[in-house]
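Written out below as structure tokens is the structure these notes cover.
The values are calculated or read from the model by the stated rules, or taken from the named source; none is laboratory data. Note that the coordinates shown come from a computational prediction; the quantities given were computed from them, not determined experimentally. Using ideal geometry, Cβ is built from the backbone for each residue, glycine included, and neighbour counts are taken over all protein chains shown.
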Amino acid sequence: MWNFSSPLISYGDNALEYLLQIRGKKAFIVTDKNIVKLGLLKLVTDQLDAAGKKWEVFDEVEPEPSLITIKKGGQAVAKSQPDWVIGVGGGSVMDAAKAIILLLARPDLEPDALSTSETYNFRDKARLMAIPTTSGTGSEATWAIVLTDTVLGRKLGLGTPECMPDVAILDPVMVMGMPPLITADTGMDVLCHAIEGYTSAWGTTITDGPGLIATRRVFQYLVRAYKDGSDLEARREMMYAATLGGMSFGNSMAGLGHSLGHALGALFHVPHGRTVGMFLPYTMEYLINGSKETTTKYAEMARFCLGASGDDKACAKALIAAVRKLAKTLAQPLSVKDCGIDKAKYDQAIPELVDRALNETMTITVTRIPESGDLSKMFTYAYQGKPIDF
Amino acid sequence: MATYATQEWCDLFKEALNKNTAWSEAAKTWEGDFYFVIEVGGPIKKTRYMYVDLWHGVCRAAEMVTDTSKYKPEFVLQAPYQIWKRISTKQLDSTQSIITKQSKLTGNMAKIMRYTKAANELTNTTAKVQTEWEE
């Protein structure tokens, strides 16, 4: 038995008007100061005002939200007692909203003690909504929550299926202003989610569809969105691709690109999408060198998304080449060296990078599970930009 | 060979786990003990409690317990017999079983998630123990 969950998705031009029809009297909005400054929050509160809803704002979420921030949010939402908790922002904000609504139901809860086994029943008090402003982490369509323990310097991958948002609003007006670099970083995250979700060892027919379509849309629209942020069609399709990517990996599991990317990001503070996108082709090479099953899936993807032809291995390699070509077009790093990381510091960090990657769930939900030796080699090759040949 | 969730089985499991160098390496910093609870249902007429104590890459104890006040483990993982069988024979991933509420974990999940490799090797070891399953 496995489950597939998804929010109700209100999408398209003017999707923010969904806010006119929500029930309840008050919303508690979780966001960050940048979203406020950019005027994106006002687009949301204008709708709430038109609907006669009261609202309060907690705008203290930082990138990689800390347990301390979540606790502050918990105190604020307890005072507010809203009917809706709405996350307006990128993945960090949406994850923070998911954690904060749990504290509404359980003020005693220590965020890092969150467990999938417990039932929190926050819907006795409020519903959860996500409005993404990047394309994106797909957090609007997953129940995962990534927080940071700033005291121990550690990322915590938490979550409970209850935290799947009730509603996700995908309105392209929220992403039109993304600068090219963020468009590229978050777009590569979408690609990684989609490809890894499609090929996850935990994947099924039900999770394949979103991953396949998301991949195709990324190849069709990401460069357009990067080069011209006012391209409405490109922005809209990338927004949908981000959510589909979230649905795919969120209901299966991400893969090795995420394992290695998380490790690097935690130690060297490189943005998430940039790291996972950079490692993606190396991990794909590792998988095609040892997994017939994943090679076949990459080939299917290449034929559908790129019109590739030939045997499975040739098509799988074509997909990897397309990923690298896309990254190059977007001025994304093709190697760890391109990220500006000092080699001596990196080499010294490899044992810790390996240890972190080894203990990510994503490392065991692939069809060729690496041991520490292979991970060490992958990290080394990725520094130099050397294709994986083992 | 031994019947699952008996002391004989625990002895085989402890021996196998302590011989699994991949597990001991992955668990070298782990400190924590468990009750694995096999719930009443199917061939199980009375709840069974398996106590397992893991410490820095060594299985210090694997013991069937009748008096649950004997230990206060950090973690409790409970599930019906059929679910334990599926997990132990690698038909069902233990993390998936928790996510889908086919099993229930009490204790800090974030700590468990930091030792994914060790948890995987523990399951691999379980699968290799020659086990008789009750019907």
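Numbers at a glance
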read-out	value
Answer residue from the stretch B:63-110, given it is assigned to a strand (DSSP E or B) and more than 10 Å from chain A (Cβ to nearest Cβ) and is farthest from B:GLY32 (Cα to Cα) among those	B:PRO80
Single residue of the stretch B:44-98 satisfying the filter (more than 13 Å from the chain's Cα centre (by Cα), closer than 30 Å to A:TRP2 by Cβ and among the aliphatic types (A, V, I, L, M)) that is surrounded by the most Cβ atoms within 10 Å (Cβ to Cβ)	B:LEU92
Where A:ILE29 falls short, out of the listed (1) more than 14 Å from every other protein chain (Cβ to nearest Cβ); (2) in a loop (DSSP other than H, G, I, E, B); (3) under 24 Å from the mean Cα position of the chain (by Cα)	(2)
Qualifying positions in the stretch B:111-135 - facing chain A (nearest Cβ under 8 Å), surrounded by fewer than 20 Cβ atoms within 10 Å (Cβ to Cβ) and assigned to a helix (DSSP H, G or I)	B:MET113
Hey, A:TYR286 within 30 Å of B:THR100 (Cβ to Cβ), more than 14 Å from every other protein chain (Cβ to nearest Cβ) and in contact with a helix residue (DSSP H, G or I) (Cβ under 8 Å, 6 or more places away or on another chain) or not	yes
Residue that is surrounded by the fewest Cβ atoms within 10 Å (Cβ to Cβ), among those in the stretch A:369-390 that are touching a residue at least 60 places away in the same chain (Cβ under 8 Å) and within 14 Å of another protein chain (Cβ to nearest Cβ)	A:ASP374
Conditions (1) in contact with a Phe, Trp or Tyr (Cβ under 7 Å, 6 or more places away or on another chain); (2) surrounded by fewer than 21 Cβ atoms within 10 Å (Cβ to Cβ); (3) within 20 Å of B:LYS101 (Cα to Cα); number of the one not met by A:GLU118	(1)
Scope the stretch A:96-118; condition of a type outside the set (Lys, Arg), touching a residue at least 12 places away in the same chain (Cβ under 8 Å) and away from chain B (no Cβ under 14 Å); matching residues	A:ALA96, A:ALA97, A:ILE100, A:ILE101, A:LEU103, A:LEU104, A:ALA105, A:PRO107
Subset tally (residues that are in a loop (DSSP other than H, G, I, E, B) and within 14 Å of chain B (Cβ to nearest Cβ)) for the stretch A:337-366	5
Some residue of the stretch A:272-284 being more than 27 Å from A:CYS163 (Cβ to Cβ), in the same structural domain as A:SER376 (by TED's automatic domain parsing), not in a helix (DSSP H, G or I) and not hydrophobic (A, V, I, L, M, F, W, C)	no
Entirely in the stretch A:40-112, the helices (runs of 4 or more DSSP H) that have 3 or more residues that are within 18 Å of the chain's Cα centre (by Cα) and not acidic (Asp, Glu)	A:91-105
Check on A:MET188, out of contact with any Cys (no Cβ under 8 Å at 6 or more places or on another chain), buried (at least 21 other Cβ atoms within 10 Å of the Cβ) and either hydroxyl-bearing (Ser, Thr, Tyr) or within 14 Å of another protein chain (Cβ to nearest Cβ) (or both)	no
Among (1) of a type in the set (A, V, I, L, M, F, W, C); (2) within 14 Å of chain B (Cβ to nearest Cβ); (3) over 25 Å from A:GLY265 (Cα atoms) - the single one A:LEU156 does not satisfy	(3)
Every residue from the stretch A:173-184 that is surrounded by fewer than 22 Cβ atoms within 10 Å (Cβ to Cβ) and modelled with pLDDT of 95 or more	A:VAL173, A:MET176, A:PRO179, A:PRO180, A:LEU181, A:ILE182
Number of the exception - A:LYS297 against (1) surrounded by fewer than 22 Cβ atoms within 10 Å (Cβ to Cβ); (2) over 27 Å from A:ASP355 (Cα atoms)	(1)
Single residue of the stretch B:1-36 satisfying the filter (surrounded by 20 or more Cβ atoms within 10 Å (Cβ to Cβ) and more than 15 Å from B:THR125 (Cβ to Cβ)) that is nearest to the other protein chains (Cβ to nearest Cβ)	B:TYR35
Residues of the stretch B:1-60 classified as in contact with an Asp or Glu (Cβ under 9 Å, 6 or more places away or on another chain), among the acidic types (Asp, Glu) and in a strand (DSSP E or B), total	3
In the stretch A:1-26, the residues that are within 14 Å of another protein chain (Cβ to nearest Cβ) and either free of Cβ contacts under 8 Å to residues at least 24 places away in the same chain or closer than 22 Å to A:VAL77 by Cα (or both)	A:MET1
Matching entry among A:THR207, A:THR150 (being more than 27 Å from A:LEU41 (Cα to Cα), surrounded by fewer than 24 Cβ atoms within 10 Å (Cβ to Cβ), more than 12 Å from chain B (Cβ to nearest Cβ) and within 16 Å of the chain's Cα centre (by Cα))	A:THR207
